[in-house]
Amino acid sequence: MIYMDYNATTPCDKRVVEEMLPYLSDEYGNPSSLYKKARTARKAVDEARERLAKLLGCQANEVFFTSGGTEADNWAIQGTACALKDKGRHIITSLIEHHAVLCACKALEKKGYKVTYLPVDSYGMVDVGELKKSIRQDTILVTIMYANNEIGTIQPISEIAEITKSRGVYFHTDAVQVAGKIPLTVNSPGIDMLSLSGHKFYAPKGIGALYIRKGVKISPLLYGGEQERGGRAGTENVAGIVGIGKAAELAQEEMREESVRVGLLRDRLEEEIKKRIPQIVVNGHPEQRLYNTLNLCIKYIEGESILLNLDFEDICVSSGSACASGSLEPSHVLLAIGLPDETARGSLRFSLGKYNTEEDVTRVVTVLAGVVERLWRISPFWEKDKEQVNGLYRKSLRILQKSQKYGKNYSC
Ligand SMILES: *Cc1c(COP(=O)(O)O)cnc(C)c1O
């Protein structure tokens, strides 16, 4: 089996599992209790918090554990909206956010908040000028993802943070695809809140964290006990927390080397696919892009057909976004960068990681070329299409109109 879907989830690193195991059996103490056994669990939680803080370059008391990236995003957005509702009710985000952000914003719209969905260019970059213009007197939060999970485009986070800081607006970033991949320091660009998720960097599913800069006003999402300094009620997922702490430590030690190794694999994959299959369009920014991500469109074929054929050969990749599969709706990200529906449907995402090898790349290229050739031969569009070969990316005005229309129609 070859796994190239690391942006959807990653396997747990064995060293992470090792570290977690005691907390699933003998060390079952509740960190809130007062006896020795509980103090062992408390200590483990504190240590994990330190490790995560080290990865982010922040204070340990600015790290709050959650059940994952989705909860962290929802907490940042809904928690800010609630805490600052008397200051204003306008939020700015982008059209290419993860559903955890988009749907949280949609939910707030139903409660009377106003949301601006910034368009992106054909690379998936948010226009910083457009952001500046969108900030109003009643804007309370800008939430823009650090890097996109589908196409890998990395946003100009420092520039955005500078703007929000100078305008006195909170800045939250969904860094789920960045934590553990690229060195991250929350302080230097002046980020107020940042989400991350364990299972995207070799820790288990169901654990994540929200960084909240000291002094940021935010209401809890969950009410109950005093866990996480009153920020997030509920008995801690001690084993998960230990896991994400260990994963953070490993990432810090191994990130640099891994990013070079995996980056070279991704580049080779991209080059060889381009050589073997004509008319490939690579999505995302050519340089400002996650080093492990390759999103491409293959004309005339549904991404799903390719995916299923690759699965038959025990190769795991994604088409569109994981959340969108099951339905044949093209991904909102690909529509936002201006791809026509039919091109967006032919999209495929390869996302590489720790356990990929040179041999994986070689095999994937060979199998993919065979699958595509077979599918092309039976494609009804293969003969028909003449005029649209060159016009894959539309002019910026078209993109803007389309994405704004899409933003309005977006339903959660
Ligand atoms: C996976 C992902 C999430 C959701 O994280 P979960 O821990 O699965 O809830 C949020 N944002 C981005 C960009 C992601 O890739």
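Points worth noting:
- Those residues of region 83-114 which are open to solvent by 40 Å² or more (accessible area, probe 1.4 Å) and within 15 Å of the ligand (Cβ to nearest atom), in sequence order: 98, 99, 103
- Complete set of residues in region 229-250 that are charged (D, E, K, R) and open to solvent by less than 10 Å² (accessible area, probe 1.4 Å): none
- Being surrounded by fewer than 18 Cβ atoms within 10 Å (Cβ to Cβ) and either under 18 Å from residue 290 (Cβ atoms) or within 16 Å of the ligand (Cβ to nearest atom) (or both) holds for only one residue in 158, 122, and it is 158.
- Residues located in region 13-31, provided they are open to solvent by less than 70 Å² (accessible area, probe 1.4 Å) and either of a type in the set (Asp, Glu) or within 26 Å of residue 62 (Cβ to Cβ) (or both): 13, 16, 19, 20, 23, 27, 29, 30, 31
- The numbered conditions (1) more than 10 Å from the ligand (Cβ to nearest atom); (2) surrounded by fewer than 22 Cβ atoms within 10 Å (Cβ to Cβ); (3) of a type outside the set (Ser, Thr, Tyr) are all true for residue 184 except (2).
- Flag if residue 39 is outside any loop (DSSP other than H, G, I, E, B), within 20 Å of residue 227 (Cα to Cα) and open to solvent by 90 Å² or more (accessible area, probe 1.4 Å): yes
- Near pairs, Cβ below 6 angstrom, 6+ apart or cross-chain, from region 279-307 (over 14 Å from residue 340 (Cβ atoms)) to any residue that is assigned to a strand (DSSP E or B) and charged (D, E, K, R): 295/349
- Residue 220 open to solvent by 10 Å² or more (accessible area, probe 1.4 Å) and under 22 Å from residue 285 (Cα atoms): no
- Check on residue 205, within 16 Å of the ligand (Cβ to nearest atom), among the charged types (D, E, K, R) and under 17 Å from residue 66 (Cβ atoms): yes
- Considered as a group, the residues in region 251-265 that are surrounded by fewer than 14 Cβ atoms within 10 Å (Cβ to Cβ) and within 21 Å of the chain's Cα centre (by Cα) include one that is farthest from residue 171 (Cα to Cα), and that residue is 260.
- Region 308-330 - residue that is modelled with pLDDT of 85 or more and in contact with a strand residue (DSSP E or B) (Cβ under 7 Å, 6 or more places away or on another chain) and, of those, most open to solvent (accessible area, probe 1.4 Å): 314
Yes/no per residue for (1) under 19 Å from the mean Cα position of the chain (by Cα); (2) under 28 Å from residue 219 (Cα atoms); (3) touching a residue at least 12 places away in the same chain (Cβ under 8 Å):
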{"position": "17", "(1), (2), (3)": "no, no, yes"}
{"position": "59", "(1), (2), (3)": "no, yes, yes"}
{"position": "69", "(1), (2), (3)": "yes, yes, yes"}
{"position": "72", "(1), (2), (3)": "yes, yes, yes"}
{"position": "76", "(1), (2), (3)": "yes, yes, yes"}
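- Residue list for region 57-72, restricted to those being closer than 21 Å to residue 182 by Cβ, of a type in the set (A, V, I, L, M, F, W, C) and away from the ligand (no atom under 16 Å from the Cβ): 58
- Here residue 63 fits the description: within 30 Å of residue 136 (Cα to Cα), surrounded by 22 or more Cβ atoms within 10 Å (Cβ to Cβ) and modelled with pLDDT of 95 or more.
- Odd one out for residue 348 among (1) at pLDDT 70 or above; (2) open to solvent by 70 Å² or more (accessible area, probe 1.4 Å): (2)
- Considering region 228-345, the qualifying helices (runs of 4 or more DSSP H), each wholly inside and each with 1 or more residues that are closer than 30 Å to residue 21 by Cβ, run over 238-276.
- Odd one out for residue 127 among (1) within 16 Å of the ligand (Cβ to nearest atom); (2) more than 18 Å from the chain's Cα centre (by Cα): (1)
- Answer from 40, 80, 10 - the residue that is within 16 Å of the ligand (Cβ to nearest atom) and β-branched (Val, Ile, Thr): 10
The values are calculated or read from the model by the stated rules, or taken from the named source; none is laboratory data. In this text the structure is predicted, and so the values were computed from the model without any measurement. With ideal geometry, Cβ positions are generated from the backbone for all residues, glycine too; neighbour counts draw on all protein chains shown. For the accessible areas, the whole protein counts, side chains as well, though only heavy atoms, and no ligand, DNA or RNA atoms are used. Shrake-Rupley method; radii C 1.70, N 1.55, O 1.52, S 1.80 Å.
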